[in-house]
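The values are calculated or read from the model by the stated rules, or taken from the named source; none is laboratory data. Model, not experiment: these values are computed from the prediction. Here the Cβ is made from the backbone with ideal geometry for all residues, glycine too, and neighbour counts use every protein chain on show.
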Amino acid sequence: MLHRVKNYFPEKIDSFLLVPVIILFAFIVYSSSLNSSFVWDDIILIVENPSIKTFKVFDNVFSRDFFDIYGDAIEFKYGYWRPVITLSYMVDYLIWGLNPSGFHLTNILLHIFNCLLVYFILLKDFRNWVVPFIATFLFAIHPIHTESVSWVAGRTDVVAATFFLLSFLLFQKSINDEGRLKAKFYIFSILVFSLAMVSKEMVIILPAVLIAYRYFIPENGYMYEKLKKSILLGMPYCIVVLVYIFIRFGVLEIKATKNVENNPLFEFYPTLLSFIKSVTVYTGKLFYPVNLNAYIQNPPSGSIFEPMVFLSICLLTVFLVALVKTKNRKFSFYSLFFLLTFFPLSNFLRISAPTDMGFVMAERFLYIPSIPFVVLIAMPVAYLAKNRKSLQFVIFVIMAAITLFFSFRVIARNRDYKDDEVFFTKTIQQSPTAPLLYQCLGNFYIRNGMNDEALFSYKRALIFFPGFFSTKNNIGTIYTKMGLKEEAIAEFKGAIEINPSYLLAYYNLGTLYGEMGDYDKAVRVFETALKINSEYIRAHNGLGIIYAKKGEFEKAKKEFERALKIEDSNRYARYNLDLIKKMKGIPSEEVIQK
């Protein structure tokens, strides 16, 4: 009697029955992040961001730099325009307040929704459930996504992917089997892509991806005609990109900071070599996601003969040859899709980041590239499962092992995002010479009243970067709290000496002079700040307070009015102006809203 080999990958399975499996596993592995607090950029973008807490400044969301939460703090402008992300924070705040669990739940739900989009996109292109399910399942539980899903501010890539995938799915539906266009789906796809562009710059590759998709899939038709039609269908998406560029750079003038644009480390040749190397490093992280690090220090490459650069060139050459030689058009498309996702990570268009990071790399950047990657992994697995029945049990065991490995890695990594102290302590262990990490850890200690620990962290930051002006300013604020006023003044002046445009140091110095009763010096400091930026609300408010303390109520009134003219909803200036109007008989010390 012949022994029948058990079929672990039956072809006839209702693909919709697998949807709950995807949802369940994605939620289970990432649910441990629900207990995490706000960390790193969450503080500035959410906790301390007044723009997400009221719809009165709704227009600011669309007109300001993503990090410019006050409209005047030069040090927080990094050259990003992502209004859709800020809107998502506004909705979360409306529902949850500042409960971090609610924000984390939103991230998880968005990730699950993206998993379903990936699944239904793949079901359209593959004949059965095997490739779509394996690819989506790997995407759902991949540890590389912890930085995007478990960190609230990491949702930029998740939200951008949502619109990217939805636009892709609508484009897919707009093309019927005969090659005719369904206008309704096509138009909606273009509109959704517009939302993707104002979520994160990463999605700029979608027009090229869609052109490649229309060319390679479906497989029928003459090559020249398909290429021509593909390019024509991609043109409206390219127009969206051009409009985006015009508005962002031409109208709003939101661009990378000058220190990034002028950095000699990022000349063309080292950038090119570093980019080639990064493709291999990123791919390695996708294959083996261990030792995940939120702050990757990656010095630019200077020679083609560096081991990693040379290896990367060899591997890319092999990959490109396989791409050209293969007759499997689906493999060709997803290989090209994978390569295209790296172009936004090339650093040829500068992005703002600390200079010690070198060639900027981040694990969250891999959220979209991981999609074609898991498809390229699933395709040979599905082939072996179908054509080598004897290997099905081995494949099943390997998949089970990967599931356990990925799941435990995600859960373990989620613990690192518990709070700022845990997160930065862990990240400092991995990148011990990164000054920004010590500053951020110091900021956590400051918020929790741990001044001695904060001072130690800030001084560690200055060891690795003596020119860290914002750190000197922070040390000044600690000395102010300790009553060490002369030491505080020295730190504020030191910050200004390093960066004469650093407004926050002027504000803190002027405020300290005011508290010391040296009103004339305070006035001069605030006036200097206003010469740098006449719309610096805090300086107007601070100057108004000084005038009020001097008894010059009319001058104080004008400063508060100027602040309100810049931002009508500013509660500090509003309070102080109302107080000035009834100042007769009221001690000037009541003007306290700084």
> Are there any pairs with C-beta distances below 7 angstrom linking a residue in segment 308-321 that is over 18 Å from Ser274 (Cα atoms) to a residue that is of a type in the set (Gly, Ala, Ser) and not in a helix (DSSP H, G or I), with the two at least 6 apart or on different chains, and if so which?
Replying inline: none
> What tally of residues in segment 324-338 results from selecting those that are part of a helix (DSSP H, G or I) and either crowded, with 20+ Cβ neighbours inside 10 Å or in contact with a helix residue (DSSP H, G or I) (Cβ under 8 Å, 6 or more places away or on another chain) (or both)?
Replying inline: 10
>> Within segment 390-413, does at least one residue satisfy the condition of being touching a Leu at 6+ places or on another chain (Cβ under 6 Å) and not in a helix (DSSP H, G or I)?
In response: no
>> Quick check on this structure: which one of Ala160, Ala153 is farther than 13 Å from Ala26 by Cα, within 20 Å of the chain's Cα centre (by Cα) and surrounded by fewer than 24 Cβ atoms within 10 Å (Cβ to Cβ)?
In response: Ala153
>> Suppose we keep only residues that are charged (D, E, K, R) and crowded, with 19+ Cβ neighbours inside 10 Å within segment 558-576. Which one would you say is farthest from Ala529 (Cα to Cα)?
In response: Glu567
> Within segment 100-124, can you find the residues that are within 19 Å of Ser36 (Cα to Cα) and aliphatic (A, V, I, L, M)?
Replying inline: Leu105, Ile108, Leu109, Leu110, Ile112
>> Looking at Ala539, Ala505 in this structure, which one is touching a Leu at 6+ places or on another chain (Cβ under 6 Å), among the small types (Gly, Ala, Ser), buried (at least 24 other Cβ atoms within 10 Å of the Cβ) and under 29 Å from Lys565 (Cα atoms)?
In response: Ala539
> If you check Tyr458, Tyr506, Tyr445, Tyr438, which single one turns out to be farther than 29 Å from Gly154 by Cα and without any contact (Cβ under 8 Å) to a residue 40 or more places away in the chain?
Replying inline: Tyr506
>> Residue under question is Leu462, and the condition is that it be in a helix (DSSP H, G or I), of a type in the set (A, V, I, L, M, F, W, C) and closer than 25 Å to Ser32 by Cβ; does it hold?
In response: no
>> Being modelled with pLDDT of 90 or more and in a loop (DSSP other than H, G, I, E, B): is that true of Leu98 here?
In response: yes
>> Which pairs turn up if I take residues in segment 271-298 that are part of a loop (DSSP other than H, G, I, E, B) and look for partners that are surrounded by 19 or more Cβ atoms within 10 Å (Cβ to Cβ) and among the polar types (S, T, N, Q) with beta carbon separation below 7 Å, at least 6 apart in sequence or on another chain?
In response: Leu292/Thr146; Asn293/Thr427; Ala294/Thr427; Tyr295/Thr427
> Inside segment 9-43, can you point out the residues that are surrounded by fewer than 16 Cβ atoms within 10 Å (Cβ to Cβ), within 21 Å of Lys418 (Cα to Cα) and aliphatic (A, V, I, L, M)?
Replying inline: Ile28
> For segment 170-192, does any single residue satisfy the condition of being buried (at least 19 other Cβ atoms within 10 Å of the Cβ) and within 27 Å of Trp40 (Cβ to Cβ)?
Replying inline: no
>> Against the definition (small (Gly, Ala, Ser) and either surrounded by 19 or more Cβ atoms within 10 Å (Cβ to Cβ) or in a loop (DSSP other than H, G, I, E, B) (or both)), how does Ser88 come out, yes or no?
In response: yes
> Only one residue in Ser199, Ser174, Ser148 is touching a Lys or Arg at 6+ places or on another chain (Cβ under 8 Å), under 26 Å from Tyr288 (Cβ atoms) and among the hydroxyl-bearing types (Ser, Thr, Tyr). Which one?
Replying inline: Ser148
> How about segment 523-558: which of its residues are assigned to a helix (DSSP H, G or I) and of a type in the set (Gly, Ala, Ser)?
Replying inline: Ala529, Ala539, Gly542, Gly544, Ala548, Ala556
>> modelled with pLDDT of 95 or more and either assigned by TED's automatic domain parsing to the domain that holds Ser470 or surrounded by fewer than 18 Cβ atoms within 10 Å (Cβ to Cβ) (or both): is that true of Lys426 in this structure?
In response: yes
